[in-house]
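The values are calculated or read from the model by the stated rules, or taken from the named source; none is laboratory data. Computed from a predicted structure; not experimentally measured. As a convention, Cβ positions derive from the backbone with ideal geometry for all residues, glycine included, and neighbour counts pool all protein chains shown.
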Amino acid sequence: MRILSGIQTSGTFHLGNYFGMLKSMIAYQEENELFAFLANMHAQTSVFDGKRLKDMTMQAAIDYLSLGLDPEKAVFWVQSDVPEVMELTWYLSNHTPVGLLERSHSYKDKITKGIAPNAGLFLYPVLMASDILLYQAERVPVGKDQKQHLEITRDVAIKFNNTFGDTFVIPEADIDDDVALIPGVDGLKMSKSYGNTIEIFTEKNVMRKRVMSIVTDSTPVDEPKDPDTCNVFALYKLFAAPDDLKDMADRYRKGGLGYGDVKKELFELIWNFFLPYQEKREELMKDKTQVRKILLEGADKARYHATKTLRKVRKRVGTTYFKDK
């Protein structure tokens, strides 16, 4: 089965990225055909510094490889290295109703949060559809907050197929129901856009400070607490073993447990979990030439598949006006 997903290069990876998508994606490479890309063109809706975007793209590549992505098992590339995706975006935009984009929860949420609206942000779902349809992906791992974007992709693909004939595979969303939206330190969905993340690769004291800043309610230490409504516990259960998780839940309900103590335990769990990946990352940081080689080889593989799809699309829409050999 062909699996595809990408991640923006608008900041370093955080817990929401890992548990929302990266963990399952890396597991997919063992028994599936995995296509994984770094969405540096999507990132341009919020990053307006060229040097910063370039640096973050390289850091994202290193982080991805550090967390276990194997370029021998997966196709791994940078989005902008396959320019065919932008040509397909134009074709699809002509078959995407404006009303469909106006209903995008992500767009409306970002505007509500004060992010300046622009055409790129509005057309974000069309570019996402192009990313998926260009490679004829069958399944797309997405967080629950991205489910609507996948539904838009399906709508656009079905409309195009109905107009021009069978052209695109209709992708299915792959959502892990056991993983809820990962809360940030402020209790909202963890997102780079909101500045509420706990980054995976950072200094120990920085990570500790972020974990200790997680928002909690004002329940006194000696009173019972509800683990199911606590942001700290929501993160704790991502790392703790089943027996430890049950014990922590019991301590919550019994009373006498301070949120600060839970945060300290959570920090140790997070730090120790990612420590081996940090060591791998240090090795890759010393050999960026090899990382660039991996990305370019991945782009060549991706472009092979992209060209096949685009050749078919051009013929259907009529931009290939000579005999197609």
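Quick notes on this one:
- Counting only helices (runs of 4 or more DSSP H) that sit wholly inside the range 235-325, those with at least 2 residues that are farther than 26 Å from Thr57 by Cβ, touching a Lys or Arg at 6+ places or on another chain (Cβ under 6 Å) and not acidic (Asp, Glu) are 242-254.
- Positions within the range 38-55 being assigned to a loop (DSSP other than H, G, I, E, B) and free of Cβ contacts under 8 Å to residues at least 40 places away in the same chain, in sequence order: Val47, Phe48, Asp49
- Qualifying positions in the range 218-233 - part of a helix (DSSP H, G or I) and surrounded by fewer than 18 Cβ atoms within 10 Å (Cβ to Cβ): Asp228, Thr229
- Residue satisfying all of: in the range 136-182; modelled with pLDDT under 95 and among the small types (Gly, Ala, Ser); nearest to Met21 (Cα to Cα) among these: Gly143
- All positions within the range 160-217 that are more than 19 Å from Ser10 (Cα to Cα), surrounded by 14 or more Cβ atoms within 10 Å (Cβ to Cβ) and hydroxyl-bearing (Ser, Thr, Tyr): Thr167, Thr216
- Only one of Pro220, Pro227 that is without any contact (Cβ under 8 Å) to a residue 12 or more places away in the chain and over 25 Å from Met25 (Cα atoms): Pro220
- Restricted to the range 100-124, and to residues there that are under 22 Å from Val85 (Cβ atoms) and of a type in the set (Gly, Ala, Ser), the residue that is surrounded by the fewest Cβ atoms within 10 Å (Cβ to Cβ) is Ala119.
- Spans of helices (runs of 4 or more DSSP H) in the range 84-184 with at least 2 residues under 19 Å from the mean Cα position of the chain (by Cα): 105-112, 119-122, 124-134, 147-164
- Hey, Ala234 touching a strand residue (DSSP E or B) at 6+ places or on another chain (Cβ under 6 Å), in the same structural domain as Ile214 (by TED's automatic domain parsing) and either farther than 20 Å from Leu15 by Cβ or of a type in the set (A, V, I, L, M, F, W, C) (or both) or not: yes
- Within the range 108-147, the set of residues being closer than 17 Å to His305 by Cβ and of a type in the set (D, E, K, R) comprises Asp131, Glu138, Arg139.
- Restricting the range 23-37 to residues that are without any contact (Cβ under 8 Å) to a residue 60 or more places away in the chain and buried (at least 23 other Cβ atoms within 10 Å of the Cβ), the residue that is nearest to Glu199 (Cα to Cα): Ala36
- Here Arg303 clears all of (1) modelled with pLDDT of 95 or more; (2) basic (Lys, Arg); (3) outside the structural domain of Lys54 (by TED's automatic domain parsing) except the condition numbered (3).
- Those residues of the range 43-61 which are of a type in the set (A, V, I, L, M) and touching a Ser or Thr at 6+ places or on another chain (Cβ under 8 Å), in sequence order: Ala43, Val47, Leu53, Met56, Ala60
- Residues that are in a helix (DSSP H, G or I), buried (at least 19 other Cβ atoms within 10 Å of the Cβ) and touching a helix residue (DSSP H, G or I) at 6+ places or on another chain (Cβ under 7 Å) within the range 64-83 comprise Leu65, Ser66, Gln79, listed in sequence order.
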